[in-house]
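One structure below.
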Amino acid sequence: MADYSKAKGNKLRLKGEKPQTHKKKKRKHETVVSEDPSNIAKKLKKEDASKHGGWWAVSCCSEICGCIALEFGSHTYVKSLDDGTFTLGAPHSENEPPAPEEIFTAIRINDDKIAVKSGYGKYLKVDKDGEVVGRSDAVGAPEQWEPIFEDGKMALLGSNGCFLSARTEDDCIVATSKKAGPEQYIKLRCQEQNDNDKDETPAEDKGNLNEIEVNYVKKFQKFQDKRMRINQDSFDKVLKAKEEGKLHESLLDRRAKMKADRYCK
């Protein structure tokens, strides 16, 4: 069989014929459309917020507003005690929001500083021993805090020039370190949405065309029997009007035919 294989040889070639070579197919470079970094950041922020019951982590001082929570580590928040002191609360499970006693209110002092009020209506400050207490009824220099952001991390600087942290032995909240390290890094989470993320669509304009028409009939109906009269004509003209930016005019015309609008002529 070995001799047979040698004798069989390769494909027959005529004299002067060049051996065929297999050409490698060049792959066309596929155009990769990169996603807008700002959109990626928003997605990541929303994913993180969903893991914390809708509470999102701020990335700059201008985002701090309304109700806030101070998170150390993962899903562990600063908790108010009724004696005016603070400690770390029990760890929460994923998707669970902070407990009521772990929710504070942020008040903007200026572009760089905030005041923090506990659920007991008292403002947080650092006492002479470096312990954080909430017993002040008004905001002065001791009640002002400065959020420091650097390299995607955040720490909260007190009026004594030290950063907020949790004391290892008893989880008491203090401000005793002049430098910010892993023990001082926190995430300040807000419950309210960014202005950029708020849905400003009027309630009447939400839903499909049929639902939108019903919303406006309910809003502007003028008849005495309070029974809705909905135009049963096709929505073809309404769809075209929506594309042309004349949706509300078209809906008004439909209501006019039913004499079901106080603004109809």
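The values are calculated or read from the model by the stated rules, or taken from the named source; none is laboratory data. Predicted model, so just to flag it, every value in this text is computed and none were measured. Methodologically, a virtual Cβ is constructed for each residue, glycine included, from the backbone with ideal geometry; neighbour enumeration extends over all protein chains shown.
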If you go through the stretch 60-74 one residue at a time, do you hit one that is crowded, with 17+ Cβ neighbours inside 10 Å and more than 24 Å from Glu150 (Cα to Cα)?
-> no
Within the stretch 37-77, count every residue that is in a strand (DSSP E or B) and over 12 Å from the mean Cα position of the chain (by Cα).
-> 9
Working only within the stretch 81-95, note down all residues that are surrounded by fewer than 16 Cβ atoms within 10 Å (Cβ to Cβ) and either of a type in the set (Ser, Thr, Tyr) or closer than 19 Å to Gly66 by Cα (or both).
-> Thr87, Ser93
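Just give me the residues in the stretch 78-106 being of a type outside the set (Phe, Trp, Tyr) and part of a strand (DSSP E or B), in sequence order. If you could, list the steps in order and put the result at the bottom.
Of all residues in the stretch 78-106, those of a type outside the set (Phe, Trp, Tyr) come to 78-85, 87-103, 105-106.
Scanning the stretch 78-106 gives Val78, Lys79, Ser80, Thr85, Thr87, Leu88, Thr105, Ala106.
In the stretch 122-145, how many residues are in a loop (DSSP other than H, G, I, E, B) and either under 27 Å from the mean Cα position of the chain (by Cα) or among the β-branched types (Val, Ile, Thr) (or both)?
Taking the stretch 122-145 and keeping what is in a loop (DSSP other than H, G, I, E, B), we get 122, 127-130, 137-140.
Checking which are either under 27 Å from the mean Cα position of the chain (by Cα) or among the β-branched types (Val, Ile, Thr) (or both) leaves us with 139.
Residues in the stretch 122-145 being in a loop (DSSP other than H, G, I, E, B) and either under 27 Å from the mean Cα position of the chain (by Cα) or among the β-branched types (Val, Ile, Thr) (or both): 1 in total.
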Please state which of the following conditions Pro147 fails to meet, knowing it meets all the rest: (1) closer than 22 Å to Lys178 by Cβ; (2) modelled with pLDDT under 95.
-> (2)
Of the conditions (1) surrounded by 17 or more Cβ atoms within 10 Å (Cβ to Cβ); (2) modelled with pLDDT under 80; (3) not in a loop (DSSP other than H, G, I, E, B), Ala175 fails just one. Which one is it?
-> (2)
